[in-house]
Every structure is written in C-alpha cells, then in structure tokens.
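Working notes, structure below.
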Amino acid sequence: MGANMARRLSDLGYQISAVYDTYRPSAETLATELTCPAPESLAEITASADIIFTVVTDDAAQRAVFSQSGDSLLIGAAGKTFINCATVSPVLHREIEAAAESVGASSLEACMASSISQAREGTLYLLCGGKKEVFDRVLPLLNVLSDDGKLLRYIGPAGSAAQVKALVNMVMNINTAGLAEGLGLGAALGLDLTTLIEVFSQTGAASRVLVTDGEDMLKRDHECYFSAAHAAKDSGIALEFAAEQGLNLPLATAAKGQFDRMIARGLGELDKSGVAELTFPGRLGRE
C-alpha cells in the first residue's frame, strides 16, 4: 500500500524524499524505481521530509516506529507532520498524536478502506482522525490520493477514524465468511456456482465482497490484497470495542474464528477470500 501511494504521488510530481521498509530489498527496489534514497534509519526518514506517511501492520509495528528510545521517527521531528495509515487500535492513534506533539510535531490518522490497486490509482477511501487544523493543512495531499477528495472523510478526533475503520472491516469480514459458506454449501449441493453468484448479485445476498472475492473463491485464487491475518486482527479490534461496551457480537466472533483457523493452518498470509478453503467440499475440510 505504501509503495503504491508513493508511486501515485511521484506520478503527480510530488518529491518522494525517501522510502523505508524493515525488509531492505523492498525499500531498495522502490527507491531505485523512484530515484530516491532508502535510508537505513527512521531518524533519516524524518530528516528527509516535511510530511511522513507510515503504513505498518499492527499496533506493535506502529509503536516501534514512534519509539521513545533508540531509532525513531520522533527524532528531530519538530515541525514535521505524520500521516499514519494503518488499521491499529484507537488508543494507539491517540498515543502517537500525544507523542508527536511532545516533540513539536503533528499527527493524523488516515485509515484506508481500500486495497492495493486503489492506492496506485489514487482512489483510496480515506478515513481521517485527529486535529482538524492538521487535516486541513495536508488536505491537498490527501485529495490526490482519494479521487480528488471524493473518497475522503474527516471523522473527528484522534482514534475516531480507527473506530470506524475497525467496524468497516468487521462487517466486511462477516460478509466474506458468510459468502464462503453460501458458495461452499452451493458446491456441496451440486449447484452451478456461476449461476449462484449471479443470483446472489441480483438479490439480498449481494455485497461488495461478492464482487471482490466471489470469483476468487471459485477459482481458488487467493493472491493477497487483504490477508486473513489482518482480517483476524481487525475483527479482534472491533470485538474489544464490543467487550468494553458490554455487547455480544456472535457473528463477528464467528467470522474472526474462521480467520483464526486459517492462521492456525498456516494460511494467514492468503487473501481473506481463502476462508473458502475451509467451507468448500473437497478442500481443507470443515470441522
């Protein structure tokens, strides 16, 4: 996601000052493509730019790049603005905002409800949280990543966008697991699955997931755009909200259980469409 965002900005004439990845070959390959440095330290990244995007996997990775000790994006960060795009817990976005402000920097969450191709095309659906003045200051940059701002939403204070994003992914994951069960049962009944998908698309079974994942489930094409591991993580974040509010969410719990099963079987890096491997007859089996 981060690499394609950088490519998009570069195409539009923005200067990409530097790129960084913990996996050095990825950073070096992208740096060569964009003709920019690939520093080995986070502090060098901060020194190289006024606006720094972070796209990481989880809470631990987000905390690591904003560490209070050792190599960190916070070193020499006065006057810098961080735009953090990962789906992480709301409390962490609030922590990062406070940490940035403590060194004279600014922070904004810009959670992405989109996938890799949208990052390349500049059609990301961005949910933003943080101080409104920070959002307004980087608005021109956010606009070119979100179809001229048509797909851009300012939600509210730090953490609020992360809450909305977690709920988006929770519902998406329920839909994905449900679709896999419907198609799996259709296969077991001997139905024509192409016809079944068409009927789903024209009735109350229609969903965005049907468009993105239906054919992949049939073809067993699980090239990763949004991994099962990320699906489990994000449903887990939403279920933590539910526990805090005293709510029981059985569908979200069941869907997370399916993605947890994928992880347990070593399939966590497959796309979420791979949940169909647990439901179709003759595949990995159903318990």
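The values are calculated or read from the model by the stated rules, or taken from the named source; none is laboratory data. Remember, it's a predicted structure, so these values are computed and weren't measured experimentally. When we count neighbours, we look across all protein chains shown, and the Cβ atoms used for this are built from the backbone with ideal geometry, even at glycine.
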Inset, instruction - Please find, among Ala61, Ala6, Ala49, Ala27, the residue that is under 22 Å from the mean Cα position of the chain (by Cα) and surrounded by fewer than 16 Cβ atoms within 10 Å (Cβ to Cβ). - result: Ala61
Legend entry - Within region 23-65, considering residues that are polar (S, T, N, Q) and out of contact with any helix residue (DSSP H, G or I) (no Cβ under 8 Å at 6 or more places or on another chain), the one nearest to Ser115 (Cα to Cα): Thr29
Inset, instruction - Assess whether Leu74 counts as being out of contact with any Asp or Glu (no Cβ under 8 Å at 6 or more places or on another chain) and either among the β-branched types (Val, Ile, Thr) or outside any helix (DSSP H, G or I) (or both). - result: yes
Legend entry - Selected residue (criterion: farthest from Ile263 (Cα to Cα)) from residues of region 213-230 that are buried (at least 19 other Cβ atoms within 10 Å of the Cβ) and not hydrophobic (A, V, I, L, M, F, W, C): Gly214
Legend entry - Pair list, Cβ under 6 Å, 6 or more apart: region 170-195 residue touching a residue at least 12 places away in the same chain (Cβ under 8 Å), other residue polar (S, T, N, Q) and surrounded by 19 or more Cβ atoms within 10 Å (Cβ to Cβ): Met170/Ser235; Asn173/Ser235; Asn175/Ser207; Ala177/Gln258; Ala180/Thr279; Glu181/Thr279; Gly184/Thr279
Inset, instruction - Test Leu167 against the stated conditions and say whether it is in contact (Cβ under 8 Å) with a residue 60 or more places away in the chain and not assigned by TED's automatic domain parsing to the domain that holds Leu73. - result: yes
Inset, instruction - Select from region 3-20 the residues that are of a type in the set (Ser, Thr, Tyr) and touching a Pro at 6+ places or on another chain (Cβ under 7 Å) and list them in ascending order. - result: Tyr20
Inset, instruction - Working only within region 77-114, note down all residues that are crowded, with 20+ Cβ neighbours inside 10 Å and part of a helix (DSSP H, G or I). - result: Pro90, Leu92, His93, Ile96, Glu97, Ala99, Ala100
Inset, instruction - Name every residue in region 210-230 that is in a helix (DSSP H, G or I) and either in contact (Cβ under 8 Å) with a residue 24 or more places away in the chain or among the hydroxyl-bearing types (Ser, Thr, Tyr) (or both), in order of residue number. - result: Leu210, Thr212, Asp213, Gly214, Asp216, Met217, Leu218, Ala228, Ala229, His230
Legend entry - Which listed residue is polar (S, T, N, Q), part of a helix (DSSP H, G or I) and either over 15 Å from the mean Cα position of the chain (by Cα) or farther than 29 Å from Leu249 by Cβ (or both), from Thr203, Thr176: Thr176
Inset, instruction - Output yes when any residue across region 231-250 is in a loop (DSSP other than H, G, I, E, B), surrounded by fewer than 17 Cβ atoms within 10 Å (Cβ to Cβ) and in contact with a strand residue (DSSP E or B) (Cβ under 6 Å, 6 or more places away or on another chain), and no when none is. - result: no
Inset, instruction - Test each condition in (1) surrounded by fewer than 19 Cβ atoms within 10 Å (Cβ to Cβ); (2) of a type in the set (Ser, Thr, Tyr); (3) in a helix (DSSP H, G or I) for Ser17 and report the one that comes out false. - result: (3)
Inset, instruction - Report whether or not Gly70 is surrounded by fewer than 23 Cβ atoms within 10 Å (Cβ to Cβ), in contact with a helix residue (DSSP H, G or I) (Cβ under 6 Å, 6 or more places away or on another chain) and in the same structural domain as Arg8 (by TED's automatic domain parsing). - result: no
Legend entry - In region 123-144, the residues that are farther than 18 Å from Leu9 by Cβ and either outside the structural domain of Glu109 (by TED's automatic domain parsing) or more than 20 Å from the chain's Cα centre (by Cα) (or both): Lys131, Lys132, Glu133, Val134, Asp136
